[in-house]
Amino acid sequence: YLVVDYGYKPAALLAVLSKYSDKRVIVFCIARVIAEYLGAVLPAVSQALEMPQAKVTVLHGKMSQTKRDRLLKGFAKGKSGVLLTTDLCARGLDLSDIGLVMQYDPPLEPAMFVHRAGRTARAGETGDAIALLSPSECGLIEYLHQQNIAMQPLSLDGFSMSNGAPLPYTIPTYAKDLVDKEGESARVGEDARSALKLFKKRHSASKALSASILKGKREVKYLTVKLERLETALESAKAKSVCGLPKATVQNQNKKIAAVRREVEKGQAALDALLEREKEVQEVDYAVHSHPVPTALRAHVQTDRGLVDLGQRAYVAWLRGYGEHRLRYVVFKGGEGAMSQLAYKDAKEEAKRQERLAEAMERRAEEDKQKAKRGKRGRGEGDKKPPAKRRQDERLREKERERQKEIERIEGEKEELTDQQMIHREAMLLKQLKRKKITKAEFIELTNAL
């Protein structure tokens with residue numbers, strides 16, 4: 001098994017696949033949309049990085065039986081290739097000469113781990129089985145150990161990536177770097193559980209540091225506003241006083257201002273120190289973001305809006321399977337693409353999107369006309385309507401006001417939202433649409449506001 005930060009999983013997968021490029025490999029994912037997403041982006045990323053390329057086949061339960069049989073037959077005929085699939089192929093699949101079973105996501109049912117690994121080394125043949133685990137998924141190691149299933153930590157020392165790209169950090173290596181920096185001792189080949197403790201310790205410290213920075217910013221802002229108010233009050237009192245303020249009053253007020261100014265300077269100095277520490281903590285996150293594999297992946301995804309949609313669905317499916325987690329290779333960092341201008345490569349999908357945009361524009365124009373008419377008629381005509389009709393109109397107007405407030409709130413927070421939060425918010429809006437809490441038109445307008 002390899003324990004890597006989730007943002008490094010695509011890089012680790014490509015590093016392993018490049019070593020097994022002459023063999024047939026099965027890669028298991030937790031959901032079909034994740035398999036589809038990887039199948040759509042891995043060939044392009046491999047080509048961009050000039051890495052060994054193999055034929056990629058995606059197989060899942062949503063396909064017809066005829067199509068599954070055809071794809072499986074094609075994969076079985078080849079001497080090499082990558083089969084991206086789900087637990088559909090974990091049992092009952094009889095393929096010979098499988099050189100590697102790669103578990104990109106561990107199964108929801110731990111017992112399926114053995115069934116997945118059993119797709120290789122069948123009938124006296126040899127083969128390898130590797131699991132890619134993120135830090136929060138290492139409970140699988142303990143569980144399988146209790147079931148008398150031994151798992152050995154794997155080092156990436158024997159692997160390589162093209163163009164001089166660095167190999168992704170594995171947790172034992174990363175833990176060694178940490179303890180060396182802290183003056184402690186550890187070995188690269190140490191069991192992942194002990195290394196994982198150091199990783200979790202640092203992760204907890206990172207969360208505590210973020211909370212301290214947020215608190216420090218609030219305190220500095222509060223003190224700065226207080227200082228400005230005291231200074232303004234003193235200047236205003238001086239301006240209003242005809243004979244001038246008493247000397248004692250001015251001295252007392254100046255003492256208060258000086259005391260608050262010292263608190264502001266002290267708070268700002270403490271905040272600056274916390275921000276410097278945060279830069280050091282973010283070095284690993286930056287290394288993940290700037291690694292050639294996530295960089296090439298983001299560049300390819302931004303060429304087609306369809307890939308963005310697919311990546312979002314893969315992200316939501318993963319969240320449902322495992323709970324809150326980091327999936328950084330899907331996230332767009334600030335300034336790397338305008339979603340509103342991103343078009344689908346599929347001409348039909350782009351035509352549908354343009355049609356939806358045109359319909360939304362027409363609805364908005366019609367709504368503006370109706371508002372203008374209501375403004376001209378005034379209130380008198382509205383009173384002639386029956387009470388039930390007036391109540392219905394009032395409910396519609398209230399709903400419209402709430403919708404406008406939501407749009408304004410989203411627009412106001414737009415600069416502060418991370419891309420991960422925007423994806424989560426769009427998923428929540430989709431859930432509200434399915435539950436019929438909002439209409440399709442409202443869903444389109446709210447998502448466009450994102």
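For PHE28, what charge total do you get from the other residues with a beta carbon under 11 Å from its beta carbon, if Lys and Arg give +1 and Asp and Glu give -1?
0
Output wanted: per-residue J couplings in Hz (rounded whole) for region 289-304, from phi through Karplus 6.51 cos²θ - 1.76 cosθ + 1.60, θ = phi - 60°, x for Gly and Pro.
Going residue by residue, I get 5, 8, 4, x, 5, x, 5, 5, 5, 5, 4, 6, 4, 6, 8, 8 Hz, with x marking Gly and Pro.
Using a cut-off of 14 Å between beta-carbons, work out the net charge of the residues near LYS73 (Lys and Arg +1, Asp and Glu -1, LYS73 not included).
Details: positive: ARG24, LYS55, LYS67, ARG68, ARG70, LYS77; negative: ASP69, ASP94.
It works out to a net charge of +4.
For region 1-112, what does the accessible surface come to per residue with a 1.4 Å probe? Please give it in Å². Let's see the in-between values first.
Numbers: 4390 Å² over 112 residues.
Value returned for region 1-112: 39 Å² of accessible area per residue.
Summing +1 for each Lys or Arg and -1 for each Asp or Glu, what net charge is found among the other residues whose Cβ lies under 11 Å from the Cβ of ASN254?
Its environment carries a net charge of +3.
Give the accessible area for ASP304 in Å² (nearest 10); use a 1.4 Å probe, count only protein heavy atoms, and leave out ligands, DNA and RNA.
Answer for ASP304: close to 30 Å² accessible.
What's the carbon and sulfur percent of region 96-153's accessible surface, probe 1.4 angstrom, rounded to a whole number? Walk me through the intermediate numbers first.
Numbers: 1320 of 2700 Å².
C and S atoms contribute 49 percent here.
In terms of the Cα gyration tensor, with a ≥ b ≥ c the square roots of its eigenvalues, is region 17-56 rounded because a/c is under 1.5, prolate because a/b exceeds b/c, or oblate?
oblate
Can you tell me which lysines have their Cα less than 24 Å from the Cα of LYS207? Leave out same-chain residues fewer than eight positions away.
List returned: LYS9, LYS176, LYS181, LYS197, LYS215, LYS217, LYS221, LYS266, LYS279, LYS333, LYS414.
The values are calculated or read from the model by the stated rules, or taken from the named source; none is laboratory data. As the structure is a prediction and not an experimental result, all values here were calculated from the model. So basically every Cβ, Gly included, is an ideal-geometry build from the backbone, and we count neighbours across all protein chains shown. With ligands, DNA and RNA removed, areas are computed over all heavy atoms of the protein, side chains included. Shrake-Rupley method; radii C 1.70, N 1.55, O 1.52, S 1.80 Å.
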